[in-house]
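Here the structure is laid out as C-alpha cells; the discussion comes afterwards.
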Number of protein chains: 4
Amino acid sequence: MIIVLKHGASEAEIQEINDRLIQEGFKIHLSEGVEKTIIGAVGDRSRLEGLDLEALPWVEKVVPILAPYKLVSREFHPSDTVIKIGEREIGGSQIHVMAGPCSVESRTQIMETAHAVKEAGATFLRGGAFKPRTSPYAFQGLEEEGLKLLAEAREETGLPVITEVVDLRDVELVASYADILQIGARNMQNFNLLKEVAKTDRPIMLKRGPSATLEEWMLAAEYILDGGNPNVMFCERGIRTFENYTRNTLDLSMVPALHTLSHLPVIVDPSHGTGRWQLVAPMAQAAIAAGADGLIVEVHPHPEKALSDGKQSLTPPNFQTMMSDLERIAKVFDRSILKGGAQ
Amino acid sequence: MIIVLKHGASEAEIQEINDRLIQEGFKIHLSEGVEKTIIGAVGDRSRLEGLDLEALPWVEKVVPILAPYKLVSREFHPSDTVIKIGEREIGGSQIHVMAGPCSVESRTQIMETAHAVKEAGATFLRGGAFKPRTSPYAFQGLEEEGLKLLAEAREETGLPVITEVVDLRDVELVASYADILQIGARNMQNFNLLKEVAKTDRPIMLKRGPSATLEEWMLAAEYILDGGNPNVMFCERGIRTFENYTRNTLDLSMVPALHTLSHLPVIVDPSHGTGRWQLVAPMAQAAIAAGADGLIVEVHPHPEKALSDGKQSLTPPNFQTMMSDLERIAKVFDRSILKGGAQ
Amino acid sequence: MIIVLKHGASEAEIQEINDRLIQEGFKIHLSEGVEKTIIGAVGDRSRLEGLDLEALPWVEKVVPILAPYKLVSREFHPSDTVIKIGEREIGGSQIHVMAGPCSVESRTQIMETAHAVKEAGATFLRGGAFKPRTSPYAFQGLEEEGLKLLAEAREETGLPVITEVVDLRDVELVASYADILQIGARNMQNFNLLKEVAKTDRPIMLKRGPSATLEEWMLAAEYILDGGNPNVMFCERGIRTFENYTRNTLDLSMVPALHTLSHLPVIVDPSHGTGRWQLVAPMAQAAIAAGADGLIVEVHPHPEKALSDGKQSLTPPNFQTMMSDLERIAKVFDRSILKGGAQ
Amino acid sequence: MIIVLKHGASEAEIQEINDRLIQEGFKIHLSEGVEKTIIGAVGDRSRLEGLDLEALPWVEKVVPILAPYKLVSREFHPSDTVIKIGEREIGGSQIHVMAGPCSVESRTQIMETAHAVKEAGATFLRGGAFKPRTSPYAFQGLEEEGLKLLAEAREETGLPVITEVVDLRDVELVASYADILQIGARNMQNFNLLKEVAKTDRPIMLKRGPSATLEEWMLAAEYILDGGNPNVMFCERGIRTFENYTRNTLDLSMVPALHTLSHLPVIVDPSHGTGRWQLVAPMAQAAIAAGADGLIVEVHPHPEKALSDGKQSLTPPNFQTMMSDLERIAKVFDRSILKGGAQ
C-alpha cells in the first residue's frame, strides 16, 4: 500500500500515520520527494480493513498494491480449474454450449427446444423458472413447475440443466433440480445469496453485473470460493453503456483478462450481451475466438411468441447454422464443441 | 405502441401483425409512407406482455407510447405523497436530514454520533447493521446487535432510525427495530426483497441502483406500491460513470425529474454520491436547491478509524457547519430544516 | 512514480528498471515485500515522458504520484483567478449569467432575445454563429453574418458576447467579434484549436467533453495556459452516461472538485446538461448552491420554432422567474447575480 | 415521425401541431387513445429540420421513424463497398492488417518495424506523425519529418501507408504522403475536418469517438460521403466505460451491426481497444471471427522505449505469432489475410 501525503503535511501528521501502520504490523518506507511525501507500507492484506487513511485530511490518496482477492486469483492457483458435471468438463478442451429458452413456458415449448438444441450440439439445457423482471407486471416464471419441466426435459434428452436462482430461500429447491446454478447479473452483489449457493455442491455460473468492474466481479466469485464452493464459472453478458443500439455492450476483452488473472472458466452470453438475435451468431463466433470456455444462448421455437426476450432468441434452424460455424472456429484452437463431452 | 416495419414487408406479414394485435384487443391504425409502413396500436397496456413483436424479422422496431409504470406516476396520483413517521412528514415543507455513521460499530460510537447529529439539526439517525460489502474480507456489520444499539440511540435522542435491510429473511427483524427500511443500491432490483418490504408497514427508502435508469428505478418502486406499501421515497446516490475522481456521479437532475414524473418524495445521498467528504457539503447544498425533500449523510466522530466509508464521512463539526448553510438555502424555497418536525 | 513488479521478477529485471530510472535522473527506493517488489522513483515529472515501463512484461503496473498538470493547479497558484471583461469579473463575488439562443437565426430573434435576457439580469449574451451539428443535413449556423448580428446586439444592449469557435482557421475572425471564445464539448481535445485560442487575448470558456475525465479536462486547459492565455474558465455541461431521460448527466460535483484542484472559475450549462427546459431552473439553482461562478443558459423567444435545441430553451418569462430565484440563492453565499457587474 | 401528446392536450393545441406539419408538407394521421393522443406524420425527412416540436409544452415526446443518415445506409446502397488502394481491396474477401508503431520516432525505428510487419503479413504500414496527446507536455510527433519517413518506408517495403490527420490545415500535406487518411477518435465529430478530408481522393478511416453512439458515428461518415468522398471505412477502437482494467471497452458488436446497417467496410483496433498488449491477439482473433474487414495494430520493436503507447504495442515476434493464428480463423470464413492482396 502506498500512501501519498498532501503537499505540506507536517512531521506530526506523518508520524501519526506511521504509528498506526506499525501498530497494525506493517513495515514502513518513507520517501520524501521535492513535491510529495510518500509512505510505502508492506504487510498483511487482511489488516488493511479498518484503516481508512484517506479520511485523514493530510492524505492525498492511498494506492493499494495487492489485489483484494485471493482464492480466485491465478497467482494463488496457477493451473486452470476444470469443473466436472457428470462426464462433461467445463474449462478444458471441450467448449460447451448451453442453450434453451429465456423462460420455461410450457411442456411443449421446453421439450421441443431441448430436442432441437441437443440435435444441434448443445450440451446443456438452459431455461428460467424464476425470472427477475424489471416490471412487476411482466411474466415472472413458472417457478417450481418450471423446474419440474426442466428436469423432465433432462430425463428425455440427457442434457444437464442450468437455471437461475433469484431468492436465497429457494437455493435448496433449485439445487435439487438443477445441475448448474446461475446467479443473474442483478444478483452478482447479492452477497447473502452468494453465501447460500456457496454451501451447495452445485457448480455456479456467476454473471457479471451490468455495472460491475472486473475486480468487483472477481470479489463476488471470491465470496463463493471463500464460502466453500470451488466450482465457479464467470459469465460475461454485457455491461451497461451509453450505446443503446445493443441492449448491453458485450465486453469480450474480459475473456482473456479473466484467463490471465484467474483460474476459473469463462462463459459468454451473446444473447443478453447484444439483445438482438441478428448479432448473436457473430458475437458467439467472436467469443470462441477470444478463448471462451463456453456459451449460453437463448433459443426459442417461436421467438415472436416468447413471454420474454424473444427479440434476442435464435430459432432452432439459426442455432444449428451457428453451431457448425462455431465448431470450425473451435478447431483452430484445438478445441471442440460438437463432440459434446457426453455422447 | 408504434410498430415500424422494415422496408419491403409484405402484405401477408403486415396482416399477421394486425391479426395478432386485434386478437389481443388492440385497435389498429396503419400508415404506409413512401419509405416505411407504420402500425399504431391502441389498447390495454397489460396486454402488451406476451407480444414480442421485435422478434419478427420484418419488424424494425417497436416504440412503446405509454410509460410502463402506473402507481408511482404523477399522472395517476397528481398530489405529492407525504410520508408520516411519528410527527415528522417527508415530502412536505420540512426538509429532513438523516445522519449517522456508515456502520454501527459500538455503543460509544453510535451514541456519540446520535447526540452530535441531533444537536446539529438532523431529524433521523442512520446507521448500518447489515453491510453489503464488495469484499468477503471486509467488516460486514454488527447485525442484530447493531439494530439494538440503534434502538437504544433512538431511545436516548428521540431520533427515529433508518437502516438497511439486505436479506429478505431479515425484513421482519429489521422492521421491528427501524422506522424506515432502506433498500440499498445493489438491491434496487432484488425484486423478491422489494416484495417482502412491501408487506411491512414501514416506509421504504429506495436507493437508485448504480446503473439504473430513471424508468427502471420507478418500476422498482412500482413493485413496492403494487405490493401494498404506498410509503416509498426515492434516494439518488450517484450512478456509475467513467469519471472516477468521485466514487459515483451524483445525478441531481433526477430530483426535478422525479418530482415531474412521480408523486413520491426524493432524498439525496451526497456521501455515497461523491465518496469524498470535501464534496459533501456543496452537493448537499445543491440537492436542496434542486428541490430534494431530504438528505442522508454519513457522519462519524473519527472518520479515519471508521470500519467503512471513512473517506466520505463528515466530522460532527463539519456536519454542523453544513446544516446551518442548508437552513439558509431551504428558506429561499420556503422550506425549513432545523425545525426538525418533532421538537 | 511507483512501479509495482510482477511476482517473480528477477534481479536482472529489477536492475534494468533501476538503471533506466537512474539514467533519467530519478532517485530510487526499493521495497521488497513478501508478495510484491515495489520501486519508488522520485524525480522530474518532465522526464517521465519516454518511459513506458508498463510495456515491460515483468511490470504489473505504474502508479503516477504527481498530477500531470501544473499551470491550472491550485497547488501551483493558490489564489482564485478572476477574469476581467470590461467591468465584469468572472470568478469573484459576482455570479454571471450568460444567456441567449443556441443559434443566431435572424436579427429580430437575436435582438428580441438580447433585450429580454438583459432585462432579466443576464450579463453576457450567448449565441452560436458556427454550429457543430451531428448531422450534415442540420442547420449549421449563419457564420460571419451571425457574428455581425451578435456584435450589433452588443452595441444595442451593452452585453458582451460569448460565442463558439469550431474551426482553427476562424479563431482570429471570431475573436474580432467576441468577448469570450467558447470551445465546445466536442472540441475539448482538439488540441490544435486549443493552441490557436491560446494565442488570442480573449478569455476562453472550455466546455467539458462528453466523456472527458476531470484530469483530461484540466490538461486541456493546461494546453491553453501553456500556450500563453491565462484566462480560462471551465464549463460543466454534462457527461454521457447510460441515462437517457436527460440529454446528458450534469455532473455538478465538478464544481467543488475544480474549485479544490484549480484556481480557475467554473461555469455551468444546465441547458445542454439536461436537454429539457423543465429541468433547467432547478439545476441552475443547484449549480449556484454548489458554488458555480456563472451559468450559460439557452433562451429563445419561440423555442418551438428554434432551428436548434428548442427543447432545452427557456422562454424569456421562464428565464426571468429563474433569475429572481437564483439571486436569492446567491445571497445565501454572499454573492450576487442581478447587480450585473457593469450596470 | 410520431408525436405523442401529453394527457389533456386541447383541441387547439392539437390543431396547432397539425397545421405546422401540413404546412411543412407532411401527411397526418391522428390516433386518439384513452390515455394519449398520437400524431403520425409522413413526409420528407429533410423538412424535419426546423421543427422542434418537443419544445411545445403539450408534447410529451417525438419519436423519429426514419434513420437520419442516408448515403452510408445499406438500405440506400445494398451491396458492399469495396475500397481499392493500388491492388489491395478493403471490404472484400481479403482481410487487411495495418501494423506499425503508434508514433514514428526515427528512421531506424520505422524501417525496422516496417520490414518486420511486412514479413509477418501486414499489408499496410501505420504510424503517427501528428499525435493528439492528452497532455501538452507529451511527445507530439515528428510532423512532416514523420510523413517523409513513412513514405521512405513505403518505398522500401511496398506497404501503403495509413496515418492520422489532426489539423484541417494539414489535410493536403498529409494526403500527399499517405494512402489512407485516418480520422482519430477525438476528431470523429470535428465536422470541418471531415469536410476537408471529403475533398481529397484518399480513402478515409473514421475511428469511433470514445462516447459516440452508432448513429452519431454513421452520421460522421455521412459528412464525408455527402462531401464527395465515397471511400470511408469505419474503425471500432473501443468506447469509454466505467471499466478501467482495459483502456477502453472494445465493442465488437459494432462489426456485425455496421455490416447490417451500412455498406462500408469495418476495421478493428485491438491495441487502443484494450490498452494492454496481452489482450491484443485474443481480441484481434475475436474481431476477425465477428466479421471485421481488417485490423489496425500497434507494433514496436522495443515497446518499453516507445514514446507513446508502449504498453499496448506488440513486439514483432508476438505480432508474427498472432498473424498465423488470424490466418486460420479467416479461412473458416473463406477469407484470407496472409496473401496480402499485393504480393
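The values are calculated or read from the model by the stated rules, or taken from the named source; none is laboratory data. All values reported here derive from a predicted model rather than from experimental measurement. Because the Cβ atoms are built from the backbone with ideal geometry, glycine has one as well, and the counts that use them run over all protein chains shown.
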* Asked: over 23 Å from B:Glu236 (Cα atoms), buried (at least 16 other Cβ atoms within 10 Å of the Cβ), touching a helix residue (DSSP H, G or I) at 6+ places or on another chain (Cβ under 7 Å) and outside the structural domain of B:Glu304 (by TED's automatic domain parsing): does that describe B:Ile110?
  -> no
* To do: Could you tell me whether D:Glu75 is without any contact (Cβ under 8 Å) to a residue 24 or more places away in the chain, closer than 28 Å to B:Met1 by Cβ and within 11 Å of chain C (Cβ to nearest Cβ)?
  => no
* Structure fact -> Filter the stretch C:320-343 for residues that are assigned to a helix (DSSP H, G or I) and of a type in the set (S, T, N, Q); the one that is surrounded by the fewest Cβ atoms within 10 Å (Cβ to Cβ) is C:Ser324
* If you go through the stretch A:132-140 one residue at a time, do you hit one that is within 14 Å of chain B (Cβ to nearest Cβ), among the aliphatic types (A, V, I, L, M) and outside any helix (DSSP H, G or I)? -> yes
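Please enumerate the residues belonging to the stretch B:68-109 that are outside any loop (DSSP other than H, G, I, E, B) and either at pLDDT below 95 or not β-branched (Val, Ile, Thr) (or both). Before you say what the answer is, go through the steps one by one.
At the first step, the residues of the stretch B:68-109 found to be outside any loop (DSSP other than H, G, I, E, B) are B:73, B:83-85, B:88-90, B:94, B:96-100, B:103, B:107-109.
B:Ser73, B:Lys84, B:Arg88, B:Glu89, B:Gln94, B:His96, B:Met98, B:Ala99, B:Gly100, B:Ser103, B:Arg107, B:Gln109 - these are the residues of the stretch B:68-109 that are outside any loop (DSSP other than H, G, I, E, B) and either at pLDDT below 95 or not β-branched (Val, Ile, Thr) (or both).
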* To do: Using the structure shown, decide if D:Leu307 is aliphatic (A, V, I, L, M), assigned to a loop (DSSP other than H, G, I, E, B) and either surrounded by 20 or more Cβ atoms within 10 Å (Cβ to Cβ) or facing another protein chain (nearest Cβ under 7 Å) (or both).
  => yes
* Assess whether D:Val165 counts as being in contact with a strand residue (DSSP E or B) (Cβ under 8 Å, 6 or more places away or on another chain) and within 14 Å of another protein chain (Cβ to nearest Cβ). => yes
* Structure fact -> Inside the stretch B:103-154, the number of residues satisfying the requirement of being touching a Lys or Arg at 6+ places or on another chain (Cβ under 6 Å) and either within 16 Å of B:Leu314 (Cα to Cα) or charged (D, E, K, R) (or both) is 1
* Selection within the stretch D:200-219 - surrounded by fewer than 24 Cβ atoms within 10 Å (Cβ to Cβ), among the charged types (D, E, K, R) and within 22 Å of D:Arg88 (Cα to Cα) -> D:Asp201, D:Arg202
* To do: Using the structure shown, decide if D:Glu222 is under 14 Å from the mean Cα position of the chain (by Cα) and either part of a loop (DSSP other than H, G, I, E, B) or crowded, with 19+ Cβ neighbours inside 10 Å (or both).
  => yes
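Would you pick out the residues in the stretch D:174-185 that are under 19 Å from D:Glu89 (Cβ atoms) and either among the polar types (S, T, N, Q) or part of a helix (DSSP H, G or I) (or both)?
From the stretch D:174-185, those under 19 Å from D:Glu89 (Cβ atoms) are D:178-182; that's our starting set.
Across the stretch D:174-185, the qualifying residue is only D:Gln182.
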* Does at least one position in the stretch D:87-99 carry a residue that is surrounded by fewer than 19 Cβ atoms within 10 Å (Cβ to Cβ), more than 19 Å from the chain's Cα centre (by Cα) and free of Cβ contacts under 8 Å to residues at least 40 places away in the same chain? -> no
* Return yes when B:Gly275 is under 22 Å from B:Thr241 (Cβ atoms) and in the same structural domain as B:Lys207 (by TED's automatic domain parsing) and no when it is not. => yes
* Structure fact -> The condition from (1) more than 14 Å from chain D (Cβ to nearest Cβ); (2) surrounded by fewer than 19 Cβ atoms within 10 Å (Cβ to Cβ); (3) free of Cβ contacts under 8 Å to residues at least 40 places away in the same chain that C:Pro317 misses is numbered (1)
* **Among the residues listed as C:Ala67, C:Ala41, C:Ala55, the single one being hydrophobic (A, V, I, L, M, F, W, C), touching a helix residue (DSSP H, G or I) at 6+ places or on another chain (Cβ under 8 Å) and without any contact (Cβ under 8 Å) to a residue 40 or more places away in the chain** => C:Ala55
* To do: Evaluate the following for D:Leu173: is it away from every other protein chain (no Cβ under 14 Å) and over 15 Å from the mean Cα position of the chain (by Cα)?
  => no
* When residues of the stretch D:228-243 are limited to those that are away from chain A (no Cβ under 11 Å) and part of a loop (DSSP other than H, G, I, E, B), the one farthest from A:Pro210 (Cα to Cα) -> D:Gly228
* **Selection status of A:Arg20, crowded, with 16+ Cβ neighbours inside 10 Å, at pLDDT 80 or above and within 9 Å of another protein chain (Cβ to nearest Cβ)** => yes
* Candidate set from the stretch D:50-64 (those that are charged (D, E, K, R) and within 32 Å of the chain's Cα centre (by Cα)); member that is farthest from D:Ile22 (Cα to Cα) -> D:Lys61
* With respect to the numbered conditions (1) in a helix (DSSP H, G or I); (2) touching a Ser or Thr at 6+ places or on another chain (Cβ under 8 Å); (3) aliphatic (A, V, I, L, M); (4) surrounded by 24 or more Cβ atoms within 10 Å (Cβ to Cβ), which one is the sole condition not fulfilled by A:Ile296? -> (1)
* Asked: Do we find a residue being over 20 Å from the mean Cα position of the chain (by Cα) and loosely packed, with under 15 Cβ neighbours inside 10 Å anywhere in the stretch D:65-85?
  -> no
* Structure fact -> A:Leu30 meets each of (1) in a loop (DSSP other than H, G, I, E, B); (2) touching a helix residue (DSSP H, G or I) at 6+ places or on another chain (Cβ under 9 Å); (3) surrounded by fewer than 18 Cβ atoms within 10 Å (Cβ to Cβ) with one exception, condition (1)
* **Residues of the stretch A:244-258 satisfying the condition of being facing chain D (nearest Cβ under 7 Å) and either out of contact with any Asp or Glu (no Cβ under 8 Å at 6 or more places or on another chain) or surrounded by fewer than 24 Cβ atoms within 10 Å (Cβ to Cβ) (or both)** => A:Tyr245, A:Thr246, A:Ser253, A:Pro256, A:Ala257
* Asked: Which members of the stretch C:259-270 meet the condition of being more than 9 Å from chain B (Cβ to nearest Cβ) and either surrounded by fewer than 23 Cβ atoms within 10 Å (Cβ to Cβ) or in contact (Cβ under 8 Å) with a residue 60 or more places away in the chain (or both)?
  -> C:Ser262, C:His263, C:Leu264, C:Pro265, C:Ile267, C:Asp269
* Matching residues in the stretch B:186-212 - criterion: being part of a helix (DSSP H, G or I) and at the interface with chain A (Cβ under 9 Å from one of its Cβ atoms) -> B:Arg186, B:Asn187, B:Phe191, B:Asn192, B:Leu193, B:Leu194, B:Lys195
* **So D:Leu264, is it in a loop (DSSP other than H, G, I, E, B), of a type outside the set (D, E, K, R) and touching a strand residue (DSSP E or B) at 6+ places or on another chain (Cβ under 7 Å)** => yes
* Structure fact -> For the stretch A:273-300, pairs from a residue that is at the interface with chain D (Cβ under 9 Å from one of its Cβ atoms) to a residue that is of a type in the set (Lys, Arg), with Cβ under 7 Å and 6 or more apart or across chains, are A:Gly273/A:Arg237; A:Thr274/A:Arg247; A:Arg276/A:Lys311
